[in-house]
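Notes for the one structure printed next.
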Amino acid sequence: MVNTSKKPRFRFAPSPTGYLHVGGARTALYNYLLARQLGGDFILRIEDTDLERSTPESIQAILDSMKWLKMEWDEGPYFQTKRFDLYNQYIDQLIKEKKAYPCFCTSQELEAKRALAQKEKRKPMYDRTCYKLSTSDVEKKISSGEKHCIRFHSHDEGSIIINDLVKGRVEIAEKELDDLIIRRTDGSPTYNFTVVIDDMTMGITHVIRGDDHLNNTPRQMQLYQAFGATPPQFAHLPLILGTDKKRLSKRHGATSVMAYYEMGYLPDALINYLARIGWAYKDQEVFTRQDLIEKFSIESVSKAAGVFNPEKLLWLNGLYIRESKPEDLAKLLPHYLEKRGIISNDTSLFVELVKISQEKSKTLEEMADLVDFAFKETRPDEALQNKFLGKENKPHLKLVYDRLEKLENFDIAGITNVFTTLVQETGLKLGQIAQPVRVALSGKNISPGIYEIIRILGKKTCLARISKYLE
Ligand code: GLU
């Protein structure tokens, strides 16, 4: 059970070394949902101590993704690179208490020791050469400027027990853990140390993260013990796999959150889908955010890896699009039209276009494809021209052209009447008449309803577009 004797504080702590992955977003989501459910706080912390791999673009991508998914954080973003003084204070404390010590071994020396251990089939562990140095030796080395890192001194006895909210009980003998480097020779503190100092000083009560960190947790628990602090409750989430049960990667399609934005997904659909990877509530598939906040529970997170199924996500997105208010979608559509070179601020037209395409669009990209006819003329490709705008279609097109030209009430009723009358008079099928018109007006054979297209384009544009295929 999630312990809530203190104000619950959750955090999402991504490293800015790439885009925000959908797996990372799911981790953020579970933290966010529980924070909201329990009336706690949700904190965003950017773990940017890896100076070589962290980039400003990646920080931006994390912030953009979080905002797009509407996972508002209550505090932060904190940046670890701005907290080095704090980390150093805690390192000094450990040194003073003899719980940490400087290590002067060079990387060549360590490498040689490691190679020897391997040769002798021993687990490579630091042999504590520098722990055994006398105080005066240490002082001499430091004052002569000898390079050194700082290591945490691990215990040889006892064991670390983690009662993980997802994985259950995990126990590790402390003698398996060697003396962890907590500050590198270049002065930068290491992940396992900074994460503990942050979680401890930020009063984090729950750490929900990927199970790739489960191996780090015993080391972090040792540090909590060293500081006499109560560790947070941990929940390690199983990995997300592709439909082929291999680790989710680019081979399976887009894995970056913002790629889903660009592909025309709705944030609520993605949130709904991410929540369901590895978590279930009865057989419910569709959840509003409020629903998720109320129903999510870490106890129901599956111990087995979840599968990311792009087809299911697409289906869900279609459902969200169909159920959205046209006015809401109309605000999102311009971005996708702009990608097609269409700049407009005709809000009422956007609303109309959404209304006629919503049922047929599974993404906003599909929607933009369906409605670009309203802004630009697209020449159909050759295959479509041959099939729908060839010689035998011209007489039908001409019939429509003449009737539309004469039509006074250019509304849906009037336009519908043109086609139904033509079907009656000629004995042709509706498709035989409508399909060539559709292709001539939109450049495509799949489009919103043809009567709607004609009404939205208006008489002049319709006649101009059709006439190009009459010659
Ligand atoms: N910065 C780590 C990562 O991005 C997460 C650390 C944590 O959640 O404890 O993998």
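The values are calculated or read from the model by the stated rules, or taken from the named source; none is laboratory data. Predicted model, so just to flag it, every value in this text is computed and none were measured. Note that each Cβ is placed from the backbone with ideal geometry, even for glycine, and that neighbours are counted across all protein chains shown.
Considering (1) closer than 19 Å to TYR261 by Cβ; (2) buried (at least 20 other Cβ atoms within 10 Å of the Cβ), the lone condition that ILE356 does not fulfil carries the number (1).
Can you pull out every residue in region 33-52 that is farther than 16 Å from HIS206 by Cα and within 13 Å of the ligand (Cβ to nearest atom)?
So in region 33-52, the residues farther than 16 Å from HIS206 by Cα come out as 46-52.
Those that are farther than 16 Å from HIS206 by Cα and within 13 Å of the ligand (Cβ to nearest atom): ILE46, GLU47, ASP48, THR49, ASP50.
Scanning region 213-246 for residues being over 30 Å from GLY158 (Cα atoms), away from the ligand (no atom under 15 Å from the Cβ) and either buried (at least 22 other Cβ atoms within 10 Å of the Cβ) or free of Cβ contacts under 8 Å to residues at least 24 places away in the same chain (or both) gives a total of 2. Is one or more of the residues making up region 290-299 out of contact with any helix residue (DSSP H, G or I) (no Cβ under 8 Å at 6 or more places or on another chain), crowded, with 18+ Cβ neighbours inside 10 Å and part of a helix (DSSP H, G or I)? No, region 290-299 has no match at all. Applying a threshold of 8 Å to beta carbon distances and a minimum spacing of six or more residues, or different chains, the list of pairs starting in region 306-328 at a residue that is at negative phi and ending at one that is modelled with pLDDT under 95 and part of a helix (DSSP H, G or I) reads PHE308/HIS252; PRO310/HIS252.
Remark: pairs (first residue in region 402-428, farther than 25 Å from GLU352 by Cβ; second residue assigned to a helix (DSSP H, G or I) and modelled with pLDDT of 95 or more; Cβ separation under 6 Å; 6+ apart in sequence or on different chains) = LEU422/LEU399; LEU422/ILE433; VAL423/LEU430. When region 203-212 is limited to residues that are crowded, with 17+ Cβ neighbours inside 10 Å and within 12 Å of the ligand (Cβ to nearest atom), the one that is farthest from VAL166 (Cα to Cα) turns out to be ILE204.
Given region 133-226, what strands (runs of 3 or more DSSP E) lie entirely inside it while holding 2 or more residues that are modelled with pLDDT under 95?
Details: elements: 149-152, 159-164, 168-173, 181-183, 206-210.
So the answer is none; nothing clears 2.
Filtering region 178-190 to residues that are within 19 Å of MET125 (Cα to Cα) and surrounded by fewer than 20 Cβ atoms within 10 Å (Cβ to Cβ) leaves ASP178, ASP179, ILE181, ARG184, THR185, THR190. Yes or no: region 16-32 includes at least one residue that is farther than 26 Å from GLY187 by Cβ, in contact with a strand residue (DSSP E or B) (Cβ under 6 Å, 6 or more places away or on another chain) and away from the ligand (no atom under 13 Å from the Cβ). Scanning region 16-32 turns up at least one residue that is farther than 26 Å from GLY187 by Cβ, in contact with a strand residue (DSSP E or B) (Cβ under 6 Å, 6 or more places away or on another chain) and away from the ligand (no atom under 13 Å from the Cβ). Residue count for region 411-453, restricted to those that are within 17 Å of LEU463 (Cβ to Cβ) and surrounded by fewer than 16 Cβ atoms within 10 Å (Cβ to Cβ): 1.
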